[in-house]
Amino acid sequence: MTQPWQWDEPVWRGHVDRVRAGRTLKPDSWPGGARVAVAISFDADHETISLRDNDVSPGKLAQGEYGSRAGVPRILALLAGFGVPATFFVPAVSALLHPADIEAFVAGGHEVAAHGWIHERNTELDAEAELDLTGRACDTLERLAGARPLGIRTPSWDFSASTLDVIRELGLRYDSSLMADDDPYELLADGAPTGVVELPVEWIRDDVPYFMLGRNYTSPRAVLEIWRDEFDAARAEGGLFQLTMHPHVIGHRSRLVVLRDLLTHIASHDDVWFATHAAVAEAVRT
Ligand SMILES: [Zn+2]
């Protein structure tokens, strides 16, 4: 096997160009003349994180179940109080386990979007299996939510060599799994524009690294400071503030305080456009 330091330029350049950031889609101004767009999202993984790792112990599954049972009702009440729409990225198995949640998301005016079948690791799948699972996931969400998903966040933000082809094949209009910018951009496949909108994510704007990884628990109020600074800078630049949370992580009593205080801060400005990921993708596309 050829080692990376032995690659010719076309090889390393080819890897980089396979999926890459194209033109920025940051608009001159957001709908309604807003200065900043705010896209709040929740990955409703619940039990699927344990299931996809073949960890079927009731203890681990209960930790995920908390997300639906305790987290989701609190989150929906908080969003309703602020009148803020959000996007829920839901693995199909999670949606099948909690169909009433899907109904509640739709009833609350929120978006339901794709997040894999069982939170599978797509980098371990061949192209055919990835297309099959993602396609069945979209079919399942369409049946439960009453509308076909317009976008996807890949499980764990993983991207295989086939993922962009799968997204295009299924006609999804946006992805929210990659990190090449703070603001929306168009995805390129081997240097060619795809028309697929990327709404970039970042671990900085995710609850998991602060609260779950290695049990290295961070004070929730320290996280509030980081996310508030991210929003303030996004507003100063006229860009997008995108946030990823998980009901089984942020939905705990001491942590939801962070989201409440963050939304209070954001809503204190009169030049903010709160929107679902699908709405942001459509706004920047045109
Ligand atoms: Zn997830």
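The values are calculated or read from the model by the stated rules, or taken from the named source; none is laboratory data. What you are looking at is a predicted structure, and each value in this text was computed from that prediction instead of being measured. All Cβ positions, even for glycine, are placed from backbone atoms using ideal geometry, and neighbour counts span all protein chains on display. Calculation scope for accessible area: heavy atoms of the full protein, side chains included, ligands and nucleic acids excluded. Shrake-Rupley method; radii C 1.70, N 1.55, O 1.52, S 1.80 Å.
Remarks
- Pick from the range 110-134, criterion over 14 Å from Pro155 (Cα atoms) and not charged (D, E, K, R), ranking: surrounded by the most Cβ atoms within 10 Å (Cβ to Cβ): Val112
- Spans of strands (runs of 3 or more DSSP E) in the range 13-106 with at least 1 residues over 18 Å from Leu259 (Cβ atoms) and within 16 Å of the ligand (Cβ to nearest atom): 86-90
- Some residue of the range 202-218 being open to solvent by 60 Å² or more (accessible area, probe 1.4 Å), farther than 25 Å from Arg13 by Cβ and charged (D, E, K, R): yes
- Positions within the range 141-155 being surrounded by fewer than 22 Cβ atoms within 10 Å (Cβ to Cβ) and assigned to a helix (DSSP H, G or I), in sequence order: Glu142, Arg143, Leu144, Ala145
- Residues that are modelled with pLDDT under 95 and either part of a helix (DSSP H, G or I) or small (Gly, Ala, Ser) (or both), drawn from the range 257-286: Arg285
- Every test in (1) within 16 Å of the ligand (Cβ to nearest atom); (2) not in a loop (DSSP other than H, G, I, E, B) is passed by Met179 save one, and that test is (2).
- Test for Leu256: is it within 19 Å of the chain's Cα centre (by Cα) and open to solvent by 10 Å² or more (accessible area, probe 1.4 Å): yes
- Of the listed requirements (1) open to solvent by less than 50 Å² (accessible area, probe 1.4 Å); (2) under 21 Å from the mean Cα position of the chain (by Cα); (3) closer than 24 Å to Thr264 by Cβ, Ala222 misses just one: (2).
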